[in-house]
Amino acid sequence: MQTLGRLKESPSQTAGPYVHIGCVPNFSGIPGVYPEDLGTSLCTKDAKGTHITVKGTVYDGTGTALKDALIEVWQADANGIYSAGDPRGPADPNFTGWGRSPGDYDTGEWVFDTVKPGRVPMHDGRLMAPHISLWVVARGINLGLQTRMYFPDEEAANAEDPILARIEHKNRVPTLIAKAEGDGIYRFDIRLQGDDETIFFDV
Amino acid sequence: MNSPMAHNRPPEGGSLFPRDREWHPPAYFEQYKTSIARSPKRAPISFPSTLSEETGPVFTTDILGPLDNDLILNFGEPGEMAIGQRIIVHGRVLDQDGRGQPGLLVEFWQANAGGRYRHKKEGYMAPLDPNFGGCGRTITDSDGRYVFRTVKPGPYPWPNRVNDWRPAHIHFSVFGRAWGQRLITQMYFEGDPLIWTCPIVDTIPDRAAIEQLIAPLDLDATIPMDSRAYKFDIVIRGRRGTWFENRKEGV
C-alpha cells in the first residue's frame, strides 16, 4: 500500500517567559531593532463601524493574573469581512483585524481598540454571531489556547450562533461572552482553570 | 470557468486538517510546574474550521528592515558584532502536504551565547552582551524558505526543579495563512545532551515529535571560515482543497 506521505505538524512548545523579546521587543526593552511592535492597532480611526475597546486579563488556576502572556486577536470588519484570505473580500482598507498585546507590565491587563465585527457565515451559509478570535500563549501554556469573545448586546445573534450551539454545557457559554463596561467598552477576562474556566476551542 | 475542478492544482484555502493533539504536548505536565496552574482542565470544544480560522493576517516584506534577520548585527553598535559562535539557521515552512509556504512571517528570539536573555525579569548571572538583542524576523520566500544569522544560544538554568537546565534553543513564532495554523515552538541543536533532561522538551509525548524540533548541523550550507549552518524545517497544519466543500455559491 502507498503511504499518505503527509507530514506531521511541528509540535508546539511553550512561548516561555520571554515571548515579548521576539514578538514585542520594543515593549520588552529592546528598542531600535524594529521601528514599532507589530499588532499595536487593528484599524485606523477611519475604519467603518462602531469603534469599541476590548480589554481583559488572563487568570491562572489560583486567580493570579498572568503578566507574561501574549494575546493575539483576529476579527472581521464591521461588514463581517476578513482583511485577508476572505473569498468575499475586500475588507475595509482602514482595518486589518489583527492585534497583539503583551498586557500591562504590572497588571497583565490587555487592551485593543477596534471596531465591532459584523457577522461571518459558516460554509453552509448559517451566520455566526459577531465574535473576536483570541489566541493566548505564555510560560506554562504548552500549546497556544484558542478562544472566542462574543458580545453581550447580541443576544439574538448569539442564540443562533452555530458554534455556541455546539456547547453541551450551557452554563459555560457565559465564559465566552464579554461584559459591557460602559460606552463601547467590553471586558473579556480569560480564566485558565476553575469553576468559570473559559471555553477553549480545538479548531 | 471558476470551477475549482478546472485545473489540477488543488486550490488552497479550504478547511484545516484537524490538529493531532497527541503529537503536541498536553496542557498539564507535572514536571513543568508552571503548567499546573495554567492548564485548562476541561475538554476543548472541537468544531470544523470556519472562515474565522481559515483566514489570517498577512505580512509583507515592506515591514522588514535590512538587518531584521541578522541577530549578530541588528542590535549592535555600528561596527560591533554579537559575541558567540556564528551560525546560520535556515529551512522551509511547509504545510502537511509538503508544500513550501511563501510569504509567511517567521519571528525568532533567543538567549545570548552565555544563556542570558535581554529581559527585565531575567536574573541569570551570565552577562548581557551589549551588542546582542536576541530578536529577529523574516518572511518566507516563494519556496517557503527562510534564513537568518545569529550566534548559538547558550544553555541556562531555570527555576523549576532544583537543577533544571534548558538545552540551547531558539524560539520560533510562525503565522500561516490561516489563524488556525498559528504556532509557537522551539528549535534545538543536534547533539545537545540537555535535550533529554529538559521537562519542557519532555512535555512532548512522542520521541519522534521531539526529533522534529532538533535541527541537524548542515555542513553543506556552512560558510567556510565564517559560520556553521543548522537546518530547521517547520510544518504548519495542512488544509483540504476547496473542491468538495459544502459551500453555497457566493458564500
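Once amide H atoms are placed 1.01 Å from N in the peptide plane, what residues at a sequence separation of 5 or more from B:Asp164, or on another chain, have their amide H within under 5 Å of its amide H?
B:Trp158
Give me the inter-chain shielding for A:27-37: mean count of other chain Cβ atoms within 10 Å, whole number please.
Averaged over the peptide's residues, the number is 5.
DSSP loop (so not H, G, I, E, B), at most 10 other Cβ within 10 Å: list which trypsin sites (Lys or Arg not before Pro) in segment A:11-56 pass both filters.
Answer by residue number: A:Lys45.
Where the centroid of each part is defined by its Cα atoms, how far is segment B:127-161 from segment A:57-135 in Å?
28 Å
Of all trypsin sites (Lys or Arg not before Pro) in segment A:127-173, which ones are in loop regions per DSSP and have a Cβ with at most 11 other Cβ atoms within 10 Å?
When the trypsin sites (Lys or Arg not before Pro) of segment A:127-173 are filtered for loop state and at most 11 Cβ neighbours within 10 Å, A:Arg166 remain.
Using the Karplus curve 6.51 cos²θ - 1.76 cosθ + 1.60 with θ = phi - 60°, work out ³J(HN,Hα) for each residue of segment B:151-157 in order, rounded to whole Hz, and write x for Gly and Pro.
With coefficients 6.51, -1.76 and 1.60, one gets 9, 5, x, x, x, 8, x Hz.
Let me know the mean shielding of A:145-152 by other chains, meaning the per-residue number of their Cβ atoms within 10 Å of its Cβ.
Taking the mean over all residues of the peptide, I get 2.
How big is the charge dipole of segment B:57-236 about its Cα centre, in debye rounded to the nearest 20, if each Lys and Arg gets +1 on its Cβ and each Asp and Glu gets -1 on its Cβ?
Charge dipole, segment B:57-236, about its Cα centre: 420 debye, nearest 20.
Hey, with R₀ at 35 Å, roughly what FRET efficiency would B:Glu22 and A:Thr40 work out to, going by the Cβ-Cβ distance, to 0.05?
For R0 = 35 Å, the calculated efficiency reads 0.45.
Please arrange B:Val106, B:Val58, B:Val93 by counting, for each residue, the other beta carbons lying within 10 Å of its beta carbon, fewest first.
Ascending Cβ contact count within 10 Å gives the list B:Val58, B:Val106, B:Val93.
When the Karplus curve 6.51 cos²θ - 1.76 cosθ + 1.60 is applied with θ = phi - 60°, which whole-Hz ³J(HN,Hα) does each residue of segment A:171-188 get, with x for Gly and Pro?
Whole-Hz 3J(HN,Hα) from phi for segment A:171-188: 5, 8, 4, x, 5, 9, 10, 5, 9, 6, 10, x, 5, x, 10, 10, 10, 10.
Roughly what % of DSSP beta bridges within the protein assembly as shown run antiparallel, to the nearest 5?
Of the beta bridges lying entirely in the protein assembly as shown, close to 75 percent run antiparallel.
Sorted by mean Cβ packing within 10 Å, highest first, what order do the peptides B:62-69, B:138-145 take?
The peptides rank, most packed first, as B:138-145, B:62-69.
Scan around B:Ile234 for amide H atoms under 5 Å from its own, H built in the peptide plane at 1.01 Å from N, and keep only partners 5 or more places away or cross-chain.
Those qualifying (amide H under 5 Å, at least 5 residues apart or on another chain) are B:Arg92, B:Val93, B:Leu94.
Please give, to one decimal in nm, the separation of the simple spin-label points placed at A:Glu109 and B:Trp165, each 7 Å out from Cα toward the Cβ.
4.3 nm
Counting chymotrypsin sites (Phe, Trp or Tyr not before Pro) as exposed when in a DSSP loop with at most 13 other beta carbons within 10 Å, what is the longest stretch of chain B free of them?
B:1-242
I need the GluC sites (Glu not before Pro) found in segment A:140-203, filtered to DSSP loop residues with at most 10 other beta carbons within 10 Å of theirs.
A:Glu168
A:Arg139's amide H: which non-local residues (gap 5+, or another chain) put their own amide H closer than 5 Å, with H modeled 1.01 Å from N in plane and none for Pro or chain starts?
A:Gly16
Using θ = phi - 60° and the Karplus relation 6.51 cos²θ - 1.76 cosθ + 1.60, list the HN-Hα couplings for segment A:28-39 in order, rounded to whole Hz, with x at every Gly or Pro.
7, x, 10, x, x, 6, 10, x, 7, 6, 6, x
Towards the positive end of the charge dipole of segment B:57-236, with charges on Cβ (+1 Lys, Arg; -1 Asp, Glu), say which of B:Leu217, B:Ile63, B:Leu183 has the farthest Cα.
Positive-end residue among those listed: B:Leu183.
Laboratory data are not the source of any read-out in this text; all were calculated from the coordinates shown. Everything quoted here is computed from the prediction, not taken from an experiment. Positions of Cβ are generated from backbone atoms using ideal geometry, with glycine treated the same way; all protein chains shown enter the neighbour counts.
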